[in-house]
Amino acid sequence: MRTESLLRPFALPVLLTLAVASAPGALASETAPPDCSRTYTLALHEHGLLYSRQTGEGIDKDIADELVRRSGCRFNIVAMPRARIWQLIESGGLDFSLSGIANPQRERFAAFAWYFSNKYYLLVRRDAGIQRVADFPRAPGLRLGAIRSFRYSPSANRLVDELDASLRVSYATGLAPLYETLLANRIQGMIVEPFDYPAVESTHLRQQTTILEFDDPPVPHGLIVSRAAIPPAEQARWRALIDRMRADGTVERIFEKYFKPDLAREMTRF
């Protein structure tokens, strides 16, 4: 029997009526303020211009402060390694984190609300003799440095995974140890992004390294929401809050504190 024959003449109007009736409620749910009946937890991770323990400042700290202000909710904000953050997000032991990127595995336990995107680059020692990203894995004596649990753009991920399978990746919990091992020539390359520019431009690194671009489009980054801790309706409200921060220019103004206006605009308008 054809599927169409199962539909009564009045079925389509009824369905349309239901859709129209339900849409305002869904919209109202998203524009309503988040539930502030409990204290939320949010973790920052130390990473270049995103956050510095030393100064207590950074883009993600500013985003977190704006989330607190706009939501009116109470937050416990802490700093911890990225690998630990993902573990706690998955278990529901942590509600939120920031500047996260998605992949199929993470999407099973985390929801995302995008607020910027950026490209990734390979920072290599000049004396390694590497002219293109593709040359790096072909030189068996070269090692790559990476932050544990970090994922990047597709080409960068393939490079890390290929070298990791050959035991050619040295892992660290943050950028500072990787810069040190790069300068000591214990690794010959590492993956960086715009938040790392101030350190990369320091005298020692600038003199000894060069930057190669991965042939990938910018990767969206955003608020990470634990599916185990935050119900779907509340996920939508937090996502809507981030969307409003982008729409009214707040996110771009935060980025302009740390980058030139053209780069801030490029990273936040996508």
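The values are calculated or read from the model by the stated rules, or taken from the named source; none is laboratory data. Keep in mind the model is a prediction, meaning the values are calculated, not measured. With ideal geometry, Cβ positions are generated from the backbone for all residues, glycine too; neighbour counts draw on all protein chains shown. The area values use the complete protein model at the heavy-atom level, side chains included, leaving out ligands, DNA and RNA. Shrake-Rupley method; radii C 1.70, N 1.55, O 1.52, S 1.80 Å.
Values as computed for the structure displayed
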quantity: Index of the failed condition, residue 54 passing every other in (1) modelled with pLDDT of 95 or more; (2) over 13 Å from the mean Cα position of the chain (by Cα); (3) not aliphatic (A, V, I, L, M); calculated: (1)
quantity: Subset of the stretch 83-94 (residues that are open to solvent by 10 Å² or more (accessible area, probe 1.4 Å) and at negative phi); calculated: 83, 84, 86, 87, 88, 90, 91, 93
quantity: Selection count where residues are among the charged types (D, E, K, R) and surrounded by 15 or more Cβ atoms within 10 Å (Cβ to Cβ), scope the stretch 117-134; calculated: 2
quantity: Residue among 252, 213, 234 that is acidic (Asp, Glu) and under 17 Å from residue 115 (Cβ atoms); calculated: 252
quantity: Verdict on residue 78 being at pLDDT 95 or above, β-branched (Val, Ile, Thr), exposed (fewer than 14 other Cβ atoms within 10 Å of the Cβ) and within 23 Å of the chain's Cα centre (by Cα); calculated: yes
quantity: Test result for residue 262, surrounded by fewer than 18 Cβ atoms within 10 Å (Cβ to Cβ) and in a helix (DSSP H, G or I); calculated: yes
quantity: Among (1) of a type in the set (A, V, I, L, M, F, W, C); (2) in a loop (DSSP other than H, G, I, E, B); (3) under 19 Å from residue 48 (Cβ atoms), the one test that residue 211 misses; calculated: (2)
quantity: Qualifying residue in the stretch 103-115 (condition: aromatic (Phe, Trp, Tyr) and open to solvent by 50 Å² or more (accessible area, probe 1.4 Å)); calculated: yes
quantity: Failed condition for residue 180, given (1) open to solvent by 70 Å² or more (accessible area, probe 1.4 Å); (2) closer than 18 Å to residue 105 by Cβ; (3) not aliphatic (A, V, I, L, M); calculated: (2)
quantity: Strands (runs of 3 or more DSSP E) within the stretch 95-192 that include 1 or more residues farther than 30 Å from residue 76 by Cα; calculated: 121-125, 144-147, 169-172, 189-192
quantity: Index of the failed condition, residue 143 passing every other in (1) exposed (fewer than 15 other Cβ atoms within 10 Å of the Cβ); (2) within 23 Å of residue 207 (Cβ to Cβ); (3) out of contact with any helix residue (DSSP H, G or I) (no Cβ under 7 Å at 6 or more places or on another chain); calculated: (1)
quantity: Residue check for residue 252: part of a helix (DSSP H, G or I), under 15 Å from residue 66 (Cα atoms) and charged (D, E, K, R); calculated: yes
quantity: Identity of the residue in the stretch 146-163, open to solvent by 30 Å² or more (accessible area, probe 1.4 Å) and free of Cβ contacts under 8 Å to residues at least 40 places away in the same chain, that ends up farthest from residue 101 (Cα to Cα); calculated: 162
quantity: Every residue from the stretch 226-249 that is assigned to a helix (DSSP H, G or I), under 28 Å from residue 156 (Cβ atoms) and open to solvent by 20 Å² or more (accessible area, probe 1.4 Å); calculated: 239, 243, 246
quantity: Residue match in the stretch 207-214 (condition: touching a Ser or Thr at 6+ places or on another chain (Cβ under 6 Å) and open to solvent by less than 10 Å² (accessible area, probe 1.4 Å)); calculated: yes
quantity: Any chance residue 52 is open to solvent by less than 20 Å² (accessible area, probe 1.4 Å) and either touching an Asp or Glu at 6+ places or on another chain (Cβ under 9 Å) or without any contact (Cβ under 8 Å) to a residue 40 or more places away in the chain (or both); calculated: no
quantity: Test for residue 223: is it open to solvent by less than 70 Å² (accessible area, probe 1.4 Å), in a strand (DSSP E or B) and more than 16 Å from residue 60 (Cα to Cα); calculated: no
